[in-house]
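Data first, discussion second: the structure below is written as C-alpha cells.
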C-alpha cells in the first residue's frame, strides 16, 4: 500500500552539516546565527524587525503579553487591561487563544467562512465593543484573511492588528506577505510547516520599540539581547549589566541549531510553496467532477490571495460524507486530520475560561463537522499524488 503522510522531512544534508558545525563550535545557545537568521527573515519579509523564538506558540505568547505589558506604547494604541477583549476566529489553533487568556484578556470568537476557512469580516465588525483592544487574524491553512479591510477596521477603531501566520508563511495578498499588514505578525517553523527549524517561531514588527520589548520578554526581562542595551544599562550604573532586569519575561529563546536550519530552509521556501500549489492544483482539476456533483469543496482562496496550501482541506456536503471519506482514506494509507481545532467554542477547555461568542458560529460548525484535510507537502511524489486521486474517486464510485 502507498503511504501518504501529512508531511515529509524537508531538511537535507545542508541543514544536517550546519547543525554538526554548530555542535563542534561548542556555542549552541542563542547567538550570532540566531541574529543572522532574524536579519535574513526580516529582509525576506520586507519588515524592520524579526524576533526569533522557540515556537510559533511562543511567538503568540510574547505578542499578547507585549500588548498587556506596562512598557507597551505603540502609536497611541491602548494597552490590554484585565477583562479587555481580543477578537479571534472560532476556527484556529489553541495557542492563538490561550495566551490571550493568560495575559488577562477575553477572547471573542467570531464565525469563519466554510468556503475559505477564514474569519468573517462582517462578524468582526459586529463583535466590536468598548472593551475591544485588538483583532487577531488567523491565516488558516495557507489561505489568508481579507487583511486590507480588516486593517482598516482596526485603524478606524484604534485597535491593534495582530496576524497569526503560523500556517501561512509565504502567502501573499496583492503581492504583500501576510503577517506584515498589522502591528505584529507571528510565524511557526515546526516540523510540518512551510519551513522547519525543528521547533521555532518568529515575530515581526515594523515598530522598533515594540521589537525591543519583545526581545526583553523573550529572555527573562533582562537587557542582554537588546539593540539599545548600552543606552538602557547606562540608567542603572550600580547594577551589573550582565544581570540587569528591566521587565518581566519568559525564557523562550531558540538555539543556534534552530537558526542554521532556518537559514538554509528560508532559501528553499519559495520553491517549497510553488510545489505545494502545484499539488493542490492537480487535485482541484482531478476532483472537478466530484466538486461539481457537490460531494465536497476544497478550500477557496480569498480573492487577492496567492495561497500556499498548508495541506489540502475540504468541506464535505455533510458529516456522514466526511466520516466515510476520512475512514476510506485512512484505510488506504492516507493520513488525515480535522481542520485544526474546529469550532473552539465547542472544545471542553472553553468551559474553564472567560470568553464571548459573537453570533451562531454556523460556519465554524460546518468546518468542524464536515471538514477534513490531508497532506500537500513539497516532497510528494507523483505516485502519492495519484494514489490520493484514485482513493478519493474510488470512494465516491
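The values are calculated or read from the model by the stated rules, or taken from the named source; none is laboratory data. Keep in mind that what you see is a predicted model, and the values were worked out from it rather than measured. With ideal geometry, Cβ positions are generated from the backbone for all residues, glycine too; neighbour counts draw on all protein chains shown.
Only residues that are under 23 Å from the mean Cα position of the chain (by Cα), in a loop (DSSP other than H, G, I, E, B) and surrounded by 15 or more Cβ atoms within 10 Å (Cβ to Cβ) were counted in region 9-39, giving 3. When residue 271 is tested against (1) in a helix (DSSP H, G or I); (2) under 26 Å from residue 27 (Cβ atoms), exactly one condition is not met: (2). Just to be sure, is residue 273 under 26 Å from residue 59 (Cβ atoms), at pLDDT 95 or above and buried (at least 21 other Cβ atoms within 10 Å of the Cβ)? So residue 273 fits the description; yes. Given the structure, is residue 42 assigned to a helix (DSSP H, G or I), under 30 Å from residue 339 (Cα atoms) and out of contact with any helix residue (DSSP H, G or I) (no Cβ under 9 Å at 6 or more places or on another chain)? Yes; evaluated as a whole, the condition is true for this residue.
Within region 221-238, being in contact with a helix residue (DSSP H, G or I) (Cβ under 8 Å, 6 or more places away or on another chain) and either surrounded by fewer than 15 Cβ atoms within 10 Å (Cβ to Cβ) or in a loop (DSSP other than H, G, I, E, B) (or both) holds for 223, 224, 225, 226, 227, 228. When the residues of region 294-310 are narrowed to those that are in contact (Cβ under 8 Å) with a residue 24 or more places away in the chain and over 25 Å from the mean Cα position of the chain (by Cα), which ends up nearest to residue 363 (Cα to Cα)? Going through the qualifying residues, I end up with 296.
Can you find a residue that is surrounded by fewer than 19 Cβ atoms within 10 Å (Cβ to Cβ), modelled with pLDDT of 95 or more and part of a loop (DSSP other than H, G, I, E, B) anywhere in region 259-268? No, region 259-268 contains no residue that is surrounded by fewer than 19 Cβ atoms within 10 Å (Cβ to Cβ), modelled with pLDDT of 95 or more and part of a loop (DSSP other than H, G, I, E, B).
Just one of 190, 243 is out of contact with any helix residue (DSSP H, G or I) (no Cβ under 6 Å at 6 or more places or on another chain) and crowded, with 17+ Cβ neighbours inside 10 Å; which is it?
Numbers: 243 fails: crowded, with 17+ Cβ neighbours inside 10 Å.
Just one listed residue meets the conditions, 190.
Please verify whether residue 233 is under 20 Å from residue 52 (Cβ atoms) and in the same structural domain as residue 56 (by TED's automatic domain parsing), treating the condition exactly as stated. Considered against the rule, which asks whether it is under 20 Å from residue 52 (Cβ atoms) and in the same structural domain as residue 56 (by TED's automatic domain parsing), residue 233 comes out as no.
Screening region 71-175 for helices (runs of 4 or more DSSP H) wholly inside it with 3 or more residues that are at pLDDT 95 or above, touching a helix residue (DSSP H, G or I) at 6+ places or on another chain (Cβ under 9 Å) and surrounded by 23 or more Cβ atoms within 10 Å (Cβ to Cβ) returns the ranges 94-102.
For residue 58, the conditions (1) in a helix (DSSP H, G or I); (2) surrounded by fewer than 17 Cβ atoms within 10 Å (Cβ to Cβ); (3) touching a strand residue (DSSP E or B) at 6+ places or on another chain (Cβ under 8 Å); (4) in contact (Cβ under 8 Å) with a residue 12 or more places away in the chain all hold with the exception of (2).
Confirm whether residue 176 is in the same structural domain as residue 75 (by TED's automatic domain parsing) and within 27 Å of residue 68 (Cβ to Cβ).
Against the criterion (in the same structural domain as residue 75 (by TED's automatic domain parsing) and within 27 Å of residue 68 (Cβ to Cβ)), residue 176 does not qualify.
Take residue 24 and decide whether it is without any contact (Cβ under 8 Å) to a residue 24 or more places away in the chain and either touching a helix residue (DSSP H, G or I) at 6+ places or on another chain (Cβ under 8 Å) or outside the structural domain of residue 330 (by TED's automatic domain parsing) (or both).
On the way: without any contact (Cβ under 8 Å) to a residue 24 or more places away in the chain: yes; either touching a helix residue (DSSP H, G or I) at 6+ places or on another chain (Cβ under 8 Å) or outside the structural domain of residue 330 (by TED's automatic domain parsing) (or both): yes.
The answer is yes for residue 24.
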